[in-house]
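Engineer: If you scroll down you'll find the structure; I have some questions about it.
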Amino acid sequence: MKLNLDPCKAEQAGPRVVGYFVPSERQYFYDAYSNEILEVTPLEAAFLRLLVNGEPTGALIQSLAPKWPEVPRIAEEFADFRRRRSEQNVLQPMSPSPVEVFGDPRDIRSLEHQLENHLQTLILEVTAECSYRCKYCIFGGGYEHQRPHSGAWMSPETVRKALDFFLPRTGCIKEPLGLSFYGGEPLLAIDLIERVVSIIERRLDRSRFALHMTTNGLALNKERIRSFLAEKDVSLTVSLDGPQATHDAWRVLPKGEPTHALVQRGLQSLLDEHPDYYARNVRFNAVVTNPRKIDEVVDYFSANEFFLKSTKSLRLSPLESKGLPNDATAGESSPQLERDGPSLRERFIASRSREGAGDDALEDLFLTDLVRIAQRRTGPAPTALRPQGYCVPGARKLFVSTEGSLGMCEKVNSAVPIGTLDGGFDIDRIASILRELTRLWRPDCKLCYAQRFCGVCPAHVWVNGPRPVPKLFDDACQGTLARFAANLRTYVSLCERSPRYAKYLQEEVVLT
């Protein structure tokens, strides 16, 4: 039922209705102009199939007549449909629009203000050393423009400089600031982490900051580390790729030894000793090395005590296969996850349709995207096309490498430097990044049905090198389209089959 809505392949140029037919028990159309999801009659759907290719001629409208013999005056019905569209200000034609490329004086002033007053999270690369040698690790030497494994450690002096640089630039942030520890394996640097936390506790009230960390889980076997995490209430993401065979095929020690049992043992100790902390703070990340076995990964977490007694938060990350050994049985990327995940979506919808039933591992996979749709703002689309959905490099997340260079976030780290602790932000470089990013948008992006949900950011197009890669932008674009279409189908199915849960998404969930 999905139309070919690629603006480059439209049957004719000019203004047209932009949207997406949502396959469902009834007939719905997502209208990009108004951001509304509209239930339409079969005849209205037939009219829309003409309108998505531009204003139809009288002959085209009349060509519908043989298919609708019960409608004696098809042209009058179409005119009435046009009148109702205008009165309700929906389904209005849209045209290609010039892209507002970043770089005018207001943009630069806003950028400078953001970087001087709105920093939110400081990410410290406390060490580049790691206790694992995961076969897919981006620091394993197979990824261009990424550092290899090394023994680099952040010095106490660099820590001091990083805090002195970050804290004065957070004045306009009301919510708690974020302090995140990154590696390598950050818990190898527990002495330095304890020192950092001690410093910031002297400088800020504890309610003013939150601590975050992602770990491979090996260090959880040490009582000192478990006690520190619980005492300081650290939000902890543990990397665990699912069942033992799946996990151990990729996540290994330097000599190739398996790690799954070691992680489970550490998690069990943390759960036994600090159950309240565990329930509040422990979440999981799994790299999906084979999208065709994604159900097995979700099943593992859904039945696993270590997950069920945690925050029940699970993130599935697609595997970046570029740079992996030729014999790696890797999947493709996030679009592949979307194509091979319909059974997960159906399981999720079914579980939410049954009173009192649910699958927390599945809910966490879809919740954020569904809430964005459920709580979307409706109204006419702006005339100009201004790229959105990306963050200001260094503002929402500021990455500081072991030697003190600044990066836009942990996904890009210092592969794309945006300054140094000693020299400050390189405003020209950051402006150039945003200018080059927004130039990747095209005027016909205005004819994309996912334009209000586009989340392409610098990390998508700079992740493999110092310059943006247009193909990466196109790949991210296709992933956005596939994901948005799948989320629309899921949301509409929930509205039909589980109205109470749909209302919960619309009114009760608060995203943080």
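The values are calculated or read from the model by the stated rules, or taken from the named source; none is laboratory data. Note that the structure is a prediction, hence the values are computed from the model and not measured. Cβ: placed from backbone, ideal geometry, glycine included. Neighbour counts: every protein chain shown.
Engineer: If you take the residues of segment 82-118 that are of a type outside the set (A, V, I, L, M, F, W, C) and on the phi > 0 side of the Ramachandran plot, which of them is surrounded by the most Cβ atoms within 10 Å (Cβ to Cβ)? Walk me through it before giving the result.
Structural biologist: Taking segment 82-118 as the starting set, the residues that turn out to be of a type outside the set (A, V, I, L, M, F, W, C) are 82-89, 92-93, 95-98, 100, 103-107, 109-110, 112-114, 116-118.
Cutting the leftovers down to on the phi > 0 side of the Ramachandran plot gives us 89, 103.
Details: Asn89: 13, Gly103: 15.
Looking at the filtered set, the residue picked out is Gly103.
Engineer: Can you find, within segment 378-413, the residue that is farthest from Cys457 (Cα to Cα) among those that are without any contact (Cβ under 8 Å) to a residue 60 or more places away in the chain and in contact with a strand residue (DSSP E or B) (Cβ under 8 Å, 6 or more places away or on another chain)? Even if it seems obvious, please write down each step before you answer.
Structural biologist: Step one: of segment 378-413, the residues without any contact (Cβ under 8 Å) to a residue 60 or more places away in the chain are 382, 405-408, 411-412.
With the extra rule that they be in contact with a strand residue (DSSP E or B) (Cβ under 8 Å, 6 or more places away or on another chain), the set shrinks to 405-408, 412.
Numbers: Ser405: 21, Leu406: 18, Gly407: 14, Met408: 11, Val412: 11 Å.
Applying the filter and picking the extreme gives Ser405.
Engineer: Okay, moving on. Considering segment 423-445 alone, what residues qualify as being part of a strand (DSSP E or B) and either modelled with pLDDT under 90 or aromatic (Phe, Trp, Tyr) (or both)?
Structural biologist: The one that is part of a strand (DSSP E or B) and either modelled with pLDDT under 90 or aromatic (Phe, Trp, Tyr) (or both): Phe425.
Engineer: Can you confirm whether Ala45 is small (Gly, Ala, Ser), farther than 15 Å from Arg82 by Cα and in contact (Cβ under 8 Å) with a residue 12 or more places away in the chain? Even if it seems obvious, please write down each step before you answer.
Structural biologist: Details: small (Gly, Ala, Ser): yes; farther than 15 Å from Arg82 by Cα: no; in contact (Cβ under 8 Å) with a residue 12 or more places away in the chain: yes.
So Ala45 fails the test.
Residue-wise test of (1) modelled with pLDDT under 90; (2) among the hydrophobic types (A, V, I, L, M, F, W, C); (3) farther than 30 Å from Val298 by Cβ; (4) out of contact with any helix residue (DSSP H, G or I) (no Cβ under 8 Å at 6 or more places or on another chain).
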position: Asp364; (1), (2), (3), (4): yes, no, no, yes
position: Val371; (1), (2), (3), (4): no, yes, no, no
position: Arg376; (1), (2), (3), (4): no, no, no, no
position: Thr383; (1), (2), (3), (4): yes, no, yes, yes
position: Val400; (1), (2), (3), (4): no, yes, yes, no
position: Gly404; (1), (2), (3), (4): no, no, yes, no
position: Val412; (1), (2), (3), (4): yes, yes, no, no
position: Leu421; (1), (2), (3), (4): no, yes, yes, no
